[in-house]
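In what follows, a single structure is set out as structure tokens and then discussed.
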Amino acid sequence: MARFTLALLAGAALAAGTLAVAQDMMAPEVARDARQGHMKAFGEALRTLGGMAQGQVAYDAAAAREAADALLANAASPDWAVMWPQGSAQGEIADSAALPAIWENMADFQAKHQALVDAATAMQAAAGTDLASLQAALGPVGASCAGCHQVYRAPQG
Amino acid sequence: MRRLLGAAALALLGAAAAWALTAPDPLPAAQASLAGDAARGATLFAAAGCASCHAAEGAAPSDAPVLSGGRAFVTAFGTFRAPNISPSPQGIGDWSDAEVMNAVMRGVGREGQHLYPALPYTSYVKAEPQDVADIVAFLRTLPPSDAANVPNDVGFPFSIRRALGAWKLLFLRDEWVLQGDLDPQVERGRYLAEAMVHCAQCHTPRNALGGLRTDAWLSGAPNPSGEGRIPGIDPGSLDWTAADIATYLATGFTPDFDVAGGTMAEVIANSTSRLPAEDRAAIAAYVKAVPAVGGG
């Protein structure tokens, strides 16, 4: 029940985010820091989920559920609607790996974000069930990350 | 103009002397006529990574990709265009198996001309001919595309294909880079990494002539088609464990649970994630076994 409520909340947050076109964008540097904070939080949630999926840590349903909740909350955060302002691409501000292609293909970028929300929603339903369900849900999450990084993030390293 | 004529005359003389040496060198008939097994070829096709270059730009990874070509590779020597290699008249539909095998393993085109090493035949030359025959059989099962080929844009002197014969004398070698007494897993990894997955084509720096520097194997290189660098993955450059590497090749997750982007995301999606887990473990073992070059 708690999970259902959370999913509803996350959905509502996302809907609010999508509708918030008139909402004020963050300043570019603030947006960059917010993005990096969210990416880091993804990494932390995925460390738990991925560690279990890969057998590095023993499967723990409660911990998996908690990480999946965090993953979804993060993916569906209302920040997504306001943390991609014009003028925050690589080359426009320091330490940004966001490629200008984001702003040239905003509809596609948003579709890729939606893919992440969908994958995180499926993960939230699966993570606490059993290890096999978690493992099956992890692939689409990784694929949604990669789908966006591939076209919209500058190469790392 | 006189200097140009002089150079041309010299080039002609040199070419005459080198003519025999630079002739295209096709496979022995017995190898080129091997019958392929398409079912076996599916996994080998993934290992060889054909789709990462020959599928259309932005095409979704697939079990049955449309290898329509067209993708541009901008290099110091010119812009190369991946050709259509789907089973259609515009692709390789009319080619014999031997013709495809000679292109892949020897860099010899259908008219007997040298192909540019943008096609990584310097890796595939090390492959088992039977494996390549199986890949060719699999290629023929993929969806056809009628996309027309886009010509390469290669300037003089690299536009003289015959000169590639000399290049091949220097750089087309079928001996392994990692030598020595290897355990079976590393040996399997060497086969996959050096002959099939062709990691070195991006991860190893090239000399002025575009040959791979075997003394700096897998130590990272400028991105051949774009900005930034391709990271080094030799043990001196990369401190991941073999298990980290194998996981990354399966899922794209780094040990920090970042997710690969760029070209490597395509390699993972089209190639390494489609291999059996023991093959990824073998590649990882090989990557840990090559000499450390990078200074960490």
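Across all Cα atoms of region A:2-152, the radius of gyration (one decimal) and Dmax (whole number) stand at 15.7, 46 Å.
Projected onto their three principal axes, the Cα atoms of chain B cover extents of 61, 45, 37 Å, largest first. Going from the fewest other Cβ atoms within 10 Å to the most, the residues A:Leu116, A:Leu49 appear in the order A:Leu116, A:Leu49.
By the beta-carbon count within 10 Å of each Cβ, the least crowded to most crowded order of B:Arg81, B:Arg71, A:Arg153, fewest first, is B:Arg81, B:Arg71, A:Arg153. Rounded to the nearest 10 degrees, what's the angle between the helix B:38-48 long axis and the longest principal axis of chain B, both from Cα atoms, 0 to 90? It works out to around 90 degrees. Over the C-alpha atoms of region B:1-133, the Rg to Rh ratio, Rh being the Kirkwood estimate, stands at 1.05. Taking every Cα-Cα distance in region B:74-132 and sorting them into 10 Å bins starting at zero, the pair-distance distribution P(r) comes out as 22, 51, 25, 2 percent.
Extent along the principal axes, Cα only, for the protein assembly as shown: 81, 53, 47 Å, with the longest axis given first. Over chain B, DSSP H runs of length four or greater, each weighted -39,500 (n - 2.57), average out per residue to a 222 nm ellipticity of -11000 deg cm²/dmol. For B:Ser123, the shell of other residues with beta-carbons less than 11 Å away shows a net charge of 0, using +1 for Lys and Arg and -1 for Asp and Glu. At what distance in angstrom do the alpha carbon centres of region A:78-157 and region B:199-243 lie from each other? Cα centroid to Cα centroid, the span is 28 Å.
Within a straight-line Cα-Cα reach of under 27 Å, A:Lys40 can be paired with the following lysines, leaving aside sequence neighbours fewer than 8 residues apart in one chain: A:Lys112.
Across chain B, the longest piece that holds none of the GluC sites (Glu not before Pro) lying in DSSP loops with up to 11 other C-beta atoms within 10 Å covers B:228-296. Sorting B:Lys168, A:Lys112 by the number of Cβ atoms found within 10 Å of their own Cβ, with the fewest placed first, yields A:Lys112, B:Lys168. Between beta-carbons, use under 12 Å as the cut-off and find the net charge around B:Tyr248, counting Lys and Arg +1, Asp and Glu -1. Local charge sum for B:Tyr248: -2. Averaged over the residues of peptide B:247-258, the number of Cβ atoms from other protein chains lying within 10 Å of each residue's Cβ is 6.
Since every read-out is calculated from the coordinates, none of them should be taken as a lab result. Note that the structure is predicted; figures quoted are calculated from it, not measured. Reconstructed Cβ throughout: ideal geometry from the backbone, glycine too, with neighbour counts over all protein chains shown.
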